[in-house]
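This report refers to the structure that appears directly beneath it.
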Amino acid sequence: MKLQTRINLLSTVLTLFIFIISFTSIYYLYKYLAYDTEYHRLQMDGDEMLAAISELDSAANIDTLLRSYIPQNGMIYIKDENNEAILRLQATMTVNKMDYAIEEGTRYTVSKWEGEPVMAIRYPMVWPDQSVVDVHLVQPLQEVSDNMAILKWILILITLLAIIPIYLASQLLVRLIVLPIQRLTSTMRQNIAQSRYDKLDAPADKKGEIAEMTYTYNSLMDKLEDSYNKQQQFVGNASHELKTPLTIIESYAMLLKRRGFKNEEINREALEAITSQTAQMKVMMEQMLELAKASETLQLKQEPISTTELLSGIIDSFQKAYKRKVNLQGDAFMFTTDVSKLRQLIFILLDNARKYSEEEINVSVMNGKEVTIQVRDYGTGIKEEDIPYIFDRFYRVNKDRNRQTGGTGLGLAIAKDFAELLGGSITVQSKIGEGTIFTITLPKGGRDA
Ligand code: ADP
């Protein structure tokens with residue numbers, strides 16, 4: 001069933017249900033109050049009658065006195081101790097003997113007689129001959145019954161008439177809820193069919209579920225479009241970057257094919273070029289894989305680690321591999337992070353410091369509201385105009401020179417992705433000829449702490 005029909009049906013049925021429940025309660029409350037009023041009236045008549053009888057000395061002419069107390073259209077019925085009828089006085093003689101019920105322990109009993117409700121109450125009374133008799137006052141509730149019938153029809157009519165505005169209101173409700181959903185669905189369909197990232201018209205008022213849904217959808221589209229563009233750019237850049245080493249490999253392979261293997265010098269040159277280009281491509285492929293993995297947030301394995309253990313471990317292995325002096329200074333404290341990712345991130349920065357400087361490298365760590373790790377070198381530095389781009393994928397300040405240093409332009413892009421993945425950030429300060437400082441800031445309790 002369509003959402004539209006469901007909301008329509010449900011809201012109409014629900015409102016009708018509420019109407020029926022409230023009207024039924026009103027009907028029975030009215031009935032109770034009307035019976036109660038009638039009971040008090042009958043009771044007052046009865047009390048007056050008892051007072052009048054108590055003043056009589058003999059039972060003679062008692063029926064003339066009682067006749068003036070007969071309830072309207074009703075009856076007075078008097079029984080002796082043996083439940084034998086002593087007197088029965090009925091307002092209208094033409095009708096059959098009025099039938100009714102008297103229940104023990106209740107203030108009054110209402111029973112049906114010829115389809116009409118009849119109220120009966122009872123009194124014990126001392127008869128003028130000093131015997132105790134049972135007086136029943138019986139009254140048909142014609143007026144109450146007529147009023148209740150009118151009330152019933154009014155309530156039924158109101159309920160029936162209410163169906164129209166209820167239905168119209170539910171239509172309005174449907175429009176409020178379903179229309180934006182329909183708009184969203186049709187835009188989504190168009191986007192899928194035409195591979196587009198169209199957005200919905202955003203309402204001026206940003207509050208409310210529908211507005212929130214629209215804004216969420218629009219920001220989702222923005223993100224998708226952005227990531228699609230980035231992906232396209234990445235694929236373009238990657239194939240462009242891979243093309244150069246592949247062309248070099250191909251041309252050397254063709255040279256070998258043409259000139260044969262007789263010229264030893266050409267052989268050596270070709271093999272060296274092919275080996276170095278293959279190594280370069282391997283590094284690039286590995287880095288691309290790292291970038292792809294960086295988006296998998298779920299794979300974070302956070303654990304507590306001390307700064308000394310982490311940094312001296314990295315520095316030791318770095319010094320052994322590259323024979324470069326690295327100084328460590330700063331605070332020793334515990335913090336939580338994905339150790340393996342942070343290790344790779346610091347390694348990228350150390351490797352860059354090694355590639356772009358000749359002197360010693362300094363690593364420092366500071367314990368503040370957050371963890372701050374700095375990698376500083378005294379090398380070439382980066383030009384101010386290049387700084388905004390160095391974290392972009394495949395961006396290299398000086399392509400030719402970096403070919404010699406084996407750079408791919410992916411290192412800092414991975415470093416930035418990792419820093420963000422760990423819940424932190426990475427910044428750079430640099431001056432040409434003076435050196436560069438990379439600063440990593442991380443939350444102490446780990447990501448999402
Ligand atoms: P690459 O593989 O070329 O080093 P990166 O993404 O690591 O790629 O760095 C991008 C560019 O930023 C490098 O080409 C280099 O010009 C510059 N760069 C990075 N780190 C440093 C540094 N410590 N000193 C000077 N320049 C740097």
If you check every pair at least six apart or on different chains, which have Cβ atoms under 7 Å apart with a residue in the stretch 8-28 that is at pLDDT below 90 first and a residue that is open to solvent by 90 Å² or more (accessible area, probe 1.4 Å) and among the aromatic types (F, W, Y) second? T12/Y167
Strands (runs of 3 or more DSSP E) wholly inside the stretch 361-449 containing at least 1 residues that are open to solvent by 20 Å² or more (accessible area, probe 1.4 Å) and within 10 Å of the ligand (Cβ to nearest atom): 371-377, 425-431, 435-442
Only unsatisfied item for G236, checking (1) within 27 Å of A419 (Cα to Cα); (2) surrounded by fewer than 15 Cβ atoms within 10 Å (Cβ to Cβ); (3) in contact with a Phe, Trp or Tyr (Cβ under 9 Å, 6 or more places away or on another chain), is (3)
Please work out which residue is farthest from I177 (Cα to Cα), limiting yourself to the stretch 4-26 and to residues that are open to solvent by 40 Å² or more (accessible area, probe 1.4 Å) and touching a helix residue (DSSP H, G or I) at 6+ places or on another chain (Cβ under 6 Å). F19
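Does S219 meet the test of being out of contact with any helix residue (DSSP H, G or I) (no Cβ under 9 Å at 6 or more places or on another chain) and in a helix (DSSP H, G or I)?
Details: out of contact with any helix residue (DSSP H, G or I) (no Cβ under 9 Å at 6 or more places or on another chain): yes; in a helix (DSSP H, G or I): yes.
When the stated conditions are applied, S219 passes them.
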All positions within the stretch 119-144 that are touching a residue at least 60 places away in the same chain (Cβ under 8 Å), under 18 Å from K31 (Cα atoms) and open to solvent by 40 Å² or more (accessible area, probe 1.4 Å): Q142
Among (1) over 20 Å from G407 (Cβ atoms); (2) touching a Phe, Trp or Tyr at 6+ places or on another chain (Cβ under 6 Å); (3) modelled with pLDDT of 95 or more - the single one F333 does not satisfy: (2)
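Against the definition (within 16 Å of the ligand (Cβ to nearest atom), of a type in the set (S, T, Y), without any contact (Cβ under 8 Å) to a residue 60 or more places away in the chain and open to solvent by 30 Å² or more (accessible area, probe 1.4 Å)), how does Y322 come out, yes or no?
On the way: within 16 Å of the ligand (Cβ to nearest atom): yes; of a type in the set (S, T, Y): yes; without any contact (Cβ under 8 Å) to a residue 60 or more places away in the chain: yes; open to solvent by 30 Å² or more (accessible area, probe 1.4 Å): yes.
So Y322 passes the test.
May I ask you to list the residues in the stretch 327-360 that are among the small types (G, A, S) and either within 16 Å of the ligand (Cβ to nearest atom) or surrounded by 20 or more Cβ atoms within 10 Å (Cβ to Cβ) (or both)? Before you say what the answer is, go through the steps one by one.
Keep residues of the stretch 327-360 that are among the small types (G, A, S), which gives 330, 332, 340, 353, 357.
Listed by number, the residues that qualify are A353, S357.
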Taking the residues in the stretch 293-319 that are modelled with pLDDT under 85 and open to solvent by 70 Å² or more (accessible area, probe 1.4 Å) as candidates, determine which candidate is farthest from I361 (Cα to Cα). L298
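Which of the residues that make up the stretch 200-223 are closer than 30 Å to M284 by Cα and open to solvent by less than 80 Å² (accessible area, probe 1.4 Å)?
Filtering the stretch 200-223 down to residues closer than 30 Å to M284 by Cα leaves 222-223.
Residue satisfying the conditions is D222 alone.
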Please go through (1) at pLDDT below 90; (2) over 18 Å from V363 (Cα atoms) for K323 and return the number of the only condition it doesn't satisfy. (2)
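Given D47, D63, D36, which one is in a helix (DSSP H, G or I), within 26 Å of D99 (Cβ to Cβ), of a type in the set (D, E, K, R) and in contact with a strand residue (DSSP E or B) (Cβ under 8 Å, 6 or more places away or on another chain)?
Working: D47 fails: in contact with a strand residue (DSSP E or B) (Cβ under 8 Å, 6 or more places away or on another chain); D36 fails: in contact with a strand residue (DSSP E or B) (Cβ under 8 Å, 6 or more places away or on another chain).
Residue meeting the stated conditions: D63.
The values are calculated or read from the model by the stated rules, or taken from the named source; none is laboratory data. This is a predicted model, so every value here is computed, not measured. Glycine gets a Cβ as well: all are built from the backbone with ideal geometry, and neighbour counts include every protein chain shown. Please note that ligands, DNA and RNA were not included when accessible areas were found on the heavy atoms of the full protein model with its side chains. Shrake-Rupley method; radii C 1.70, N 1.55, O 1.52, S 1.80 Å.
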